[in-house]
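Asks: I have a structure I would like to understand better, so I am pasting it below and will then ask my questions one at a time.
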Amino acid sequence: MSTDLPAHRTSGIPLRHAVEALPPYVPGARTEPGARTFKLSSNENPYPPLPSVLEAIREGAGDTHRYPDMYATELTEAIAASLTQEAASRGSAVTVSPDEVVVGTGSVAVLAHVLQTVCEPGDEVVVPWRSFEAYPIAVAVSGATFVPVPLASGPDADGTLLDGRLDLRALAAAIGERTRVVAVCTPNNPTGPAVHRAELEAFLAAVPSDVLVLLDEAYVEFVRDPEAPDGLAVYAAHPNVVVLRTFSKAYGLAGLRVGYALARPDLAAGVRSVSTPFGVSDLAQRAALASLRAQDELLERVEALVVERARVVGELGAQGWEIPDAQGNFVWFGLGDATLQRGAEAREAGVLVRPFAGEGIRVTIGEHEANDAFLQVAASWRR
Ligand SMILES: *Cc1c(COP(=O)(O)O)cnc(C)c1O
């Protein structure tokens, strides 16, 4: 972070080395006021809040001179009940109690708090890469060392395309003496595939019991791969697994910042103790509660997006694209050196996408019209 500031505007205070070396978080491009553009750059939900959720936010607006409930008691209880019900609906007897749930200002914040809870300086955090760009930042800030492990690539023995899948064997092999945490992002942002039950179980059997496995399920509601694991069952069977979930994607509350971790009570208490006091606003707590009450309605919207995803993937196939299995609300194009050029072309055509320089482009599944606009761009990329 070298600055070109004039001397009278600098503090003279040296920054931590880890902070100086931080890669910037690149947010998805924003639409410009008035311009006719579709924003498919940040994996947001294209649907606005439900009327019942808006009403809950309006009701809370008059209370903003008060601090929120620091432990988000009602929300935490509702999340625990909802997860228990989710397990029961799959015929599982897993129960989740409120002392296993820690909320935060988005699961990005909870992720950082988990790392700050368990990592000493110089400890290692093993992360699949390319994956969620908040990971290297959160690891560096925690004082730990980021150990990236490349994703799989090429066809497997059956000729199935592996590109964009996590390489769980390589992840397990990268775990060493100093490893405290290993991340499993499923489905992987930005590439799309979910891990499979069998490979995850083999992986968990290979991970030492004192290494925390962070199962990031930010997009779990969008997963339709029949071989995908049941995250709650995995959590119940493995005390060292922490599950991360969020209200930002399927529940459409990205702007209110609320997500949570599911962890054994001792670990959850540690994470709570490093969390920013009163971090999750009362408006966010109310909106998340209202969203849990309107879960069925919200999951219908998710289903509509999954149908759109299938349509987009089908059309892309017809255009001749081979893309990784899309299990989130986004698709991935490994465009390599052509990435920035293609991203600029999409922007010209009024579609904002998320380029990762030199690697590829992630495109969010949006509303029907936005997806149509993007499909035209994708067709033009092939010419
Ligand atoms: C979006 C996302 C999150 C969560 O984001 P928040 O808005 O902070 O809850 C977490 N993990 C991954 C992989 C994501 O893509």
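Asks: What are the residue pairs meeting all of these: first residue in the stretch 344-355, first residue over 14 Å from residue 332 (Cα atoms), second residue among the charged types (D, E, K, R) and open to solvent by less than 50 Å² (accessible area, probe 1.4 Å), Cβ atoms under 9 Å, and 6 or more apart or on different chains?
Replies: Close Cβ pairs satisfying both conditions: none exist.
Asks: Mind checking which helices (runs of 4 or more DSSP H) fall wholly inside the stretch 11-113 and carry at least 1 residues that are touching an Asp or Glu at 6+ places or on another chain (Cβ under 6 Å)?
Replies: Qualifying helices (runs of 4 or more DSSP H): 51-61.
Asks: Determine if the stretch 120-131 includes at least one residue that is out of contact with any Ser or Thr (no Cβ under 9 Å at 6 or more places or on another chain), in contact (Cβ under 8 Å) with a residue 40 or more places away in the chain and β-branched (Val, Ile, Thr).
Replies: yes
Asks: Still on this structure: I want to confirm something. Restricting to the stretch 7-46 and keeping residues that are under 13 Å from residue 364 (Cα atoms) and hydroxyl-bearing (Ser, Thr, Tyr), which single residue is most open to solvent (accessible area, probe 1.4 Å)?
Replies: Checked the stretch 7-46; the qualifying residue most open to solvent (accessible area, probe 1.4 Å) is 42.
Asks: Within the stretch 257-264, identify whether any single residue is away from the ligand (no atom under 15 Å from the Cβ), within 18 Å of residue 79 (Cα to Cα) and not charged (D, E, K, R), and answer yes or no.
Replies: Yes; the residues of the stretch 257-264 include at least one that is away from the ligand (no atom under 15 Å from the Cβ), within 18 Å of residue 79 (Cα to Cα) and not charged (D, E, K, R).
Asks: Test of understanding: among 349, 370, which residue is in contact with a helix residue (DSSP H, G or I) (Cβ under 7 Å, 6 or more places away or on another chain), closer than 26 Å to residue 304 by Cα and among the small types (Gly, Ala, Ser)?
Replies: Just a single option satisfies the conditions, and that option is 349.
Asks: Filter the stretch 324-339 down to residues that are aromatic (Phe, Trp, Tyr) and in contact with a Pro (Cβ under 7 Å, 6 or more places away or on another chain) and give me whichever is most open to solvent (accessible area, probe 1.4 Å).
Replies: That would be 332.
Asks: Still on this model: Suppose we keep only residues that are surrounded by fewer than 20 Cβ atoms within 10 Å (Cβ to Cβ) and at pLDDT 95 or above within the stretch 93-106. Which one would you say is farthest from the ligand (Cβ to nearest atom)?
Replies: Checked the stretch 93-106; the qualifying residue farthest from the ligand (Cβ to nearest atom) is 95.
Asks: Kindly check whether there is at least one residue in the stretch 61-77 that is small (Gly, Ala, Ser), within 18 Å of residue 231 (Cα to Cα) and assigned by TED's automatic domain parsing to the domain that holds residue 220.
Replies: Looking for residues that are small (Gly, Ala, Ser), within 18 Å of residue 231 (Cα to Cα) and assigned by TED's automatic domain parsing to the domain that holds residue 220, one finds none in the stretch 61-77, hence no.
Asks: So, one more: Counting only residues that are touching a residue at least 40 places away in the same chain (Cβ under 8 Å) and farther than 23 Å from residue 43 by Cβ, how many does the stretch 141-170 have?
Replies: Residues flagged as touching a residue at least 40 places away in the same chain (Cβ under 8 Å) and farther than 23 Å from residue 43 by Cβ within the stretch 141-170 amount to 1.
Asks: Kindly indicate the residue of the stretch 216-231 that is surrounded by 24 or more Cβ atoms within 10 Å (Cβ to Cβ) and hydrophobic (A, V, I, L, M, F, W, C) and also nearest to the ligand (Cβ to nearest atom) among those meeting that condition.
Replies: Among those residues, the one meeting the criterion is 218.
Asks: (1) outside any strand (DSSP E or B); (2) under 14 Å from residue 163 (Cβ atoms): which one isn't true of residue 341, the others all being true?
Replies: For residue 341, the failing item is (2).
Asks: When the residues of the stretch 63-92 are narrowed to those that are of a type in the set (Asp, Glu) and more than 17 Å from residue 106 (Cα to Cα), which ends up surrounded by the fewest Cβ atoms within 10 Å (Cβ to Cβ)?
Replies: If we take residues in the stretch 63-92 being of a type in the set (Asp, Glu) and more than 17 Å from residue 106 (Cα to Cα), then 63 is surrounded by the fewest Cβ atoms within 10 Å (Cβ to Cβ).
Asks: Which numbered condition trips up residue 150, out of (1) more than 16 Å from the ligand (Cβ to nearest atom); (2) buried (at least 21 other Cβ atoms within 10 Å of the Cβ); (3) within 21 Å of the chain's Cα centre (by Cα)?
Replies: (2)
Asks: Would you check which residues across the stretch 252-278 are open to solvent by 30 Å² or more (accessible area, probe 1.4 Å) and under 19 Å from the mean Cα position of the chain (by Cα) and list them?
Replies: 254, 255, 256, 257, listed by residue number.
Asks: Would you confirm whether any residue within the stretch 159-170 is within 16 Å of the ligand (Cβ to nearest atom) and of a type in the set (D, E, K, R)?
Replies: Within the stretch 159-170 (the criterion being within 16 Å of the ligand (Cβ to nearest atom) and of a type in the set (D, E, K, R)), the answer is yes, since at least one residue qualifies.
Asks: Please indicate, with yes or no, whether at least one residue in the stretch 296-315 is open to solvent by 20 Å² or more (accessible area, probe 1.4 Å) and within 16 Å of the ligand (Cβ to nearest atom).
Replies: no
The values are calculated or read from the model by the stated rules, or taken from the named source; none is laboratory data. Quick caveat: nothing in here was measured; it's all calculated off a predicted structure. Quick reminder, even Gly has a Cβ in these numbers, built from the backbone with ideal geometry, and neighbours come from all protein chains shown. Accessible surface areas use protein heavy atoms only, side chains included; no ligands, DNA or RNA. Shrake-Rupley method; radii C 1.70, N 1.55, O 1.52, S 1.80 Å.
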